[in-house]
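Nothing in this text is a laboratory measurement; each read-out follows from the coordinates by a stated rule. Please read these numbers as outputs of a predicted model, since none were measured by experiment. Cβ: placed from backbone, ideal geometry, glycine included. Neighbour counts: every protein chain shown.
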Amino acid sequence: MIKPTVKNEDAKKYVNSSGLELVIVRKDDNIVYLVFENKELIDIEFEKENELPVGTKCVGKVSKIAKDINSAFILLPDKSTAYLKNIPADLKCEQNIAVEITRASSKGKLPSVTLINEDIEHRTDLSIIEKGPKIYEKLLLKYKFNRILTDIDNILKEIKEFINSNNVIDLSELILYNDLMVSLSTLYSVSARLKEATSKVIWLKSGANIVIEETSAFTVIDVNSAKKDNKKSNSFLEINKEAAAEIFRQMNLRNLSGIILIDFINLEREEYKILMDELNNLAKTQKSFTKVVDITALGIAEITRKKEGITLSDIVK
């Protein structure tokens with residue numbers, strides 16, 4: 001587990017030791033939200049700093065139609081371009097239409113929009129009908145944070161206003177980080193944590209490892225004991241349980257979705273039921289709906305996870 005980096009005494013006072021904590025930092029053109037529970041990273045969210053949030057309803061203008069793929073490109077109020085698929089036959093260039101942003105941009109991909117039923121006759125061109133929620137709003141309603149720490153002044157002000165309206169946390173636990181010697185990103189090893197959360201191989205405390213391969217069709221995860229182990233099979237059960245906990249944490253961090261196949265270390269037949277119970281309990285901790293379908297006699301578990309947003313690998317380059 002990556003630990004916070006503390007280089008001077010003043011910075012130490014900002015490092016929390018227990019409870020739920022939200023750390024908000026700027027990285028490139030993104031706002032990064034990191035959720036910690038007892039110093040362990042359990043959730044990561046990204047938000048483009050100058051991009052309309054997902055859920056925003058607005059008046060867009062058709063800038064280009066691609067009839068060969070039944071799609072169109074839509075100019076949004078922030079002057080960015082979005083992608084609209086399955087367009088109606090009578091759609092025309094320069095036409096004003098009501099749309100909702102359904103997917104944020106990622107790695108060169110445009111944000112996606114869908115048509116909505118909204119009367120825009122008396123609305124101005126490229127205007128916002130209803131702004132979607134910011135990431136911090138969703139997180140504040142989802143988690144009961146003990147503390148929120150950020151070095152972004154305008155985000156702090158926005159969160160204060162949201163807290164005053166929704167009473168979700170004590171304002172005294174909203175802290176502006178202002179140590180000039182050590183940045184907040186450095187203090188919480190943000191770059192290292194993002195690198196770990198997109199790494200192919202994750203090492204476990206037992207010495208075993210998991211290997212995560214994302215493909216367009218599904219995600220394959222292998223659990224490896226890392227070395228020959230002549231101990232009884234119950235040690236393999238413990239390794240599988242340790243791996244399962246880390247896999248579900250990684251599923252949250254990476255926002256994996258669709259079909260996920262996990263190749264566990266082989267167990268005795270009766271031990272698979274214990275592992276299945278463990279997987280079902282872990283599925284309840286996920287931020288997206290997750291279902292454990294089955295474990296085969298060869299130790300391969302099939303899991304399905306609802307798609308919500310984009311994966312971490314689509315954001316982090």
Ranked by how many other beta carbons lie within 10 Å on average, peptides 127-139, 34-46 from highest
34-46, 127-139
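Could you give the Stokes-Einstein D for segment 124-246 in µm² per second, using the C-alpha Kirkwood radius, 20 °C, 1.002 mPa s?
Working: Rh = 19.0 Å.
Using the Kirkwood radius from Cα pairs, D works out to 113 µm²/s.
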Picking from Asn281, Asn224, Asn30, which is most flexible by a Gaussian network model of the chain using Cα springs under 10 Å?
Asn281
Filter the cross-link list Lys109/Lys273; Lys160/Lys287; Lys61/Lys307; Lys134/Lys200; Lys85/Lys134 down to pairs whose alpha-carbon distance in this structure exceeds 32 Å.
Lys109/Lys273
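How long are the three semi-axes of the equivalent ellipsoid of segment 8-117, in whole Å, if each is the root of 5 times an eigenvalue of the C-alpha gyration tensor, listed from largest down?
Details: eigenvalues 323, 31, 24 Å².
Square roots of five times the eigenvalues give 40, 13, 11 Å.
Summing -39500 (n - 2.57) over the DSSP H runs of n ≥ 4 in the chain and dividing by its residue number, what mean residue ellipticity at 222 nm do you reach, to the nearest 500 deg cm²/dmol?
Numbers: 8 runs with 79 residues, N = 317.
Roughly -7500 deg cm²/dmol at 222 nm, from the helical runs in the chain.
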Do the alpha carbons of any pairs in Lys39/Lys291; Lys39/Lys195; Lys144/Lys205; Lys195/Lys241 sit beyond 22 Å of each other, and which pairs?
Lys39/Lys291; Lys144/Lys205; Lys195/Lys241
Charge-dipole axis of segment 31-96 as Lys and Arg at +1 and Asp and Glu at -1 on Cβ define it, positive-most pick from Phe46, Thr81, Asn70
Asn70
What residue among Glu100, Glu196, Glu270 has the largest mean-square fluctuation in a Gaussian network model of the chain, using Cα springs under 10 Å?
Glu270
Would you list, by chain and number, the aspartates and glutamates whose Cα falls below 20 Å from the Cα of Lys57, excluding same-chain residues fewer than 8 positions away?
Glu47, Glu49, Asp78, Glu94, Glu100, Glu118, Asp119, Glu121, Asp125, Glu130, Glu137, Glu308
What distance in nm separates the simple spin-label points at Lys241 and Asn178, each placed 7 Å from Cα in the Cβ direction?
4.9 nm
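Once you charge only the Cβ atoms, +1 for Lys and Arg and -1 for Asp and Glu, what is the size of the charge dipole of the chain about its Cα centre, to the nearest 20 debye? Display every interim value, and only then the final one.
Working: 47 positive and 48 negative charges, 98 e Å.
Here the chain has a charge dipole of around 460 debye.
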From the Cα centre of segment 75-96 to that of segment 272-317, the distance in Å is 36 Å
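Only helices at least 24 Å long along their own axis, judged from Cα atoms, and with Kyte-Doolittle mean hydropathy of -1.0 or greater: name those in the chain from DSSP H.
On the way: long enough: 233-254 (31 Å, -0.43).
Passing helices, by number: 233-254.
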Where only alpha carbons of segment 57-130 are counted, the Rg and the Dmax (Å)
11.4, 36
Tell me which chymotrypsin sites (Phe, Trp or Tyr not before Pro) from segment 243-317 have a DSSP coil assignment and no more than 14 other beta carbons within 10 Å of their own.
Phe289
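Normalized C-alpha radius of gyration of segment 75-183, against 2.2 N^0.38 Å?
On the way: Rg = 18.9 Å, N = 109, 2.2 N^0.38 = 13.1 Å.
Relative to the rule-of-thumb radius for its length, segment 75-183 sits at 1.45.
Once the convex hull of the alpha carbons of segment 198-315 is built, what does its volume come to per residue, in cubic angstrom?
Values: hull volume 11.1 nm³, N = 118.
Spelled out: Cα convex hull of segment 198-315, divided by residues, is 94 Å³.
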Please find, in a Gaussian network model of the chain (springs between Cα atoms separated by less than 10 Å), the residue of Ile212, Ile116, Ile221 whose mean-square fluctuation is greatest.
Ile116
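Counting DSSP beta bridges with both partners in segment 204-295, what percentage is antiparallel, nearest 5? Let's see the in-between values first.
Details: 6 of 10 bridges.
Restricted to segment 204-295, the bridges split so that about 60 percent are antiparallel.
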Where the only charges are on Cβ atoms (+1 Lys, Arg; -1 Asp, Glu), what is the dipole of segment 198-315 about its Cα centre, to the nearest 20 debye?
260 debye
What percent antiparallel are the DSSP beta bridges of segment 82-240, to the nearest 5?
75 percent
